[in-house]
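The values are calculated or read from the model by the stated rules, or taken from the named source; none is laboratory data. Note that the structure is a prediction, hence the values are computed from the model and not measured. Virtual Cβ from ideal backbone geometry, glycine too; neighbours counted across all protein chains shown.
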Amino acid sequence: MAITSFGFLLMVCAGGALYYILPKSWQWAELLVLSLVFYCLSAEPYTFIYILISTAAAYICTCYADSRRAETDRGRKVAVGLGAGAVLLNVLLWFVLKGAGLWMPLFPKMASMPFVAALGMGYYTLQMISYILDCYWKSIRPQKNPLKLLLFACFFPQMITGPISRYSQLGSLYERHVFSYENLTFGAQRILWGFLKKLVLAERVGILVDAVWSLQAQEPVFLWIAFLLYPIQMYSDFSGCMDIVIGTAEVFGVRLPENFNNPFFSRTIQEFWQRWHITLGTWAKDYVLYPLLKSRGMVRLGNRARKKLGKRYGKFAATSLGMLVLWMVLGIWHGGVNHIVGVSLWYWALLMLGELCAPGLKKLTAFLRVNEDSFSWHLFQSARTYLIYAVGIVFFRADSVGRGMAFLKDLIVGTFTGNLHLEKLFDRSLLQLGLGAADWGILLICVLLLVLAAVLRERDGYARRWVAKQILPFRWFVWLGILLAVVIWGKYGDEYNAVHFIYQIF
Amino acid sequence: MTREEVYERLTGVFRDVFDDDSIEISDETTADDIEDWDSFEHINLVVAVEDEFSFKIPMGKVVTMKNVGEMVDIILDLGR
């Protein structure tokens with residue numbers, strides 16, 4: 001069941017109505033039932049067994065570690081063994097079923113075997129690992145009701161593309177909720193905004209980007225269009241999905257963590273990764289980078305590097321190594337060799353270069369008397385960050401590293417050999433890329449709306465809170481306008497099935 | 001170890017990690033108050049604190065501590 005389908009909306013409406021009618025102590029149980037129904041309608045039902053295994057492993061080890069049996073020396077060792085086993089089991093299940101792209105080329109005969117991963121496996125696996133580690137690090141108390149823990153693993157809105165929630169963030173999942181008009185309206189508005197991003201904008205940009213990528217010989221100016229618009233497709237697709245997910249949870253009174261915070265306003269690539277896919281980034285930082293840099297081996301290595309390279313470069317060497325491991329883990333999670341080589345190494349190198357050059361650049365901007373608070377400087381920095389991001393995700397879009405390199409080569413060579421032909425932007429050539437003139441207009445309007453919402457969010461927090469402060473006719477104009485835009489301009493329905501989200505594959 | 005003693009040693013650690021001899025810290029000091037205190041430097045700071053006080057800060061505390069005051073509480077707790 002796609003979360004952009006009518007069936008999903010019907011399920012949310014019916015489920016939401018029942019949720020506030022039922023006794024409040026039953027609400028979490030209803031969410032679990034809804035999650036099971038959603039799972040059976042969206043994936044092979046038998047694959048739910050993987051979620052059950054993952055939950056059972058987490059439940060057993062964390063409850064043991066919290067019991068009196070774990071207070072003795074032997075008990076502590078058993079608890080650590082059980083915890084490590086549960087984490088390894090989660091990783092192994094994910095690697096075999098979801099990371100098949102990494103090992104399958106080594107065992108081509110196994111390609112015919114029916115490996116079917118569970119829905120949302122990349123997301124719930126990370127959630128369960130964080131739950132186990134948080135319990136062992138005593139940041140949280142283990143959940144003693146296995147069904148409530150199962151709900152944490154399979155809460156239906158986040159089964160498609162996350163967010164990767166922490167157990168400590170989802171306390172509202174088990175709370176008793178009274179009906180709230182604000183939750184309902186804000187949730188519905190957020191879902192609607194997500195529909196606009198996904199069905200109206202992302203799908204249109206997708207047609208354009210696909211058209212450019214599918215042609216062999218290509219005009220450099222078209223390559224630039226695909227290159228510059230793909231980040232917008234990624235953002236509107238993924239963050240649009242997040243809006244639907246977070247809005248749906250909000251209808252049920254559950255607050256999910258945010259995954260995006262105006263990433264294209266970032267001044268540096270480091271800041272960008274703090275604003276893009278936030279829950280994955282913080283997960284990798286807390287459960288990969290920090291434990292690694294804090295480990296005895298890395299501390300020893302860092303001390304040795306400091307002695308040989310001096311304080312600054314020694315520290316830089318240790319951090320770089322830690323960041324390399326983190327980016328490799330992110331590459332593996334995205335499941336492809338081209339992602340590891342193209343995307344991960346690119347961003348890691350740029351991040352480290354930025355870190356290395358930061359003091360020099362600071363001196364340079366001071367020498368040139370650049371006003372770092374000025375709008376134009378911020379705009380320049382954001383544009384630079386956007387371009388760095390756009391280069392990396394060429395390899396996300398390409399099916400191989402070679403294809404990604406060829407795309408970038410054609411783009412650069414075409415530009416600097418005088419073949420750019422900018423006149424093609426104005427002589428109706430753009431209409432060859434699958435979108436008519438009206439579609440181009442709609443695309444432009446949506447991008448402007450996105451920018452406006454982003455500015456409002458940067459200034460006032462949520463844009464919808466700004467809308468909520470306006471007079472009634474204006475509010476109706478905004479939300480009815482968006483609803484009509486989705487209904488009239490959205491790409492949906494039975495004949496149109498290309499509504500899978502890019503990040504759904506993880 | 002008294003709170004004052006912890007503060008004296010901790011100030012030295014902060015000044016060394018952030019290469020800034022003018023840093024003064026208090027219970028309310030957070031990452032927002034020190035320019036270079038980002039996620040990289042946070043873990044470097046934790047490792048330097050562990051080195052200075054010769055004990056390991058549990059991972060759960062590393063990611064949840066919100067200000068210097070909490071860091072001092074953890075140090076006093078572990079040093080007991």
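Of the residues that make up the range A:326-343, is at least one at pLDDT 90 or above and either among the polar types (S, T, N, Q) or in contact with a Leu (Cβ under 6 Å, 6 or more places away or on another chain) (or both)? Yes, there is a match, as at least one residue in the range A:326-343 is at pLDDT 90 or above and either among the polar types (S, T, N, Q) or in contact with a Leu (Cβ under 6 Å, 6 or more places away or on another chain) (or both). Restricted to chain B, the set of helices (runs of 4 or more DSSP H) holding at least 3 residues that are more than 11 Å from chain A (Cβ to nearest Cβ) and more than 20 Å from A:Lys285 (Cα to Cα) comprises B:3-17, B:68-78.
Listed by position, the helices (runs of 4 or more DSSP H) enclosed by the range A:262-340 that each have at least 3 residues that are within 9 Å of chain B (Cβ to nearest Cβ) are A:290-294, A:296-309, A:311-334. Across the range A:26-51, the number of residues qualifying as farther than 30 Å from A:Leu192 by Cα and loosely packed, with under 15 Cβ neighbours inside 10 Å comes to 2.
Test A:Ala349 against the criterion of being in contact with a Leu (Cβ under 8 Å, 6 or more places away or on another chain), surrounded by 11 or more Cβ atoms within 10 Å (Cβ to Cβ) and either hydrophobic (A, V, I, L, M, F, W, C) or part of a helix (DSSP H, G or I) (or both), and give yes or no. So A:Ala349 does not fit the description; no.
Residues that are surrounded by fewer than 20 Cβ atoms within 10 Å (Cβ to Cβ) and within 24 Å of the chain's Cα centre (by Cα) within the range A:289-316 comprise A:Pro291, A:Leu292, listed in sequence order.
Taking the conditions (1) crowded, with 19+ Cβ neighbours inside 10 Å; (2) closer than 30 Å to A:Leu97 by Cβ in turn, A:Thr319 satisfies each one other than (2).
Just one of A:Val251, A:Val299, A:Val245 is closer than 26 Å to B:Phe40 by Cβ and among the hydrophobic types (A, V, I, L, M, F, W, C); which is it? Show your work before the answer.
Working: A:Val251 fails: closer than 26 Å to B:Phe40 by Cβ; A:Val245 fails: closer than 26 Å to B:Phe40 by Cβ.
Sole residue among the options that is closer than 26 Å to B:Phe40 by Cβ and among the hydrophobic types (A, V, I, L, M, F, W, C): A:Val299.
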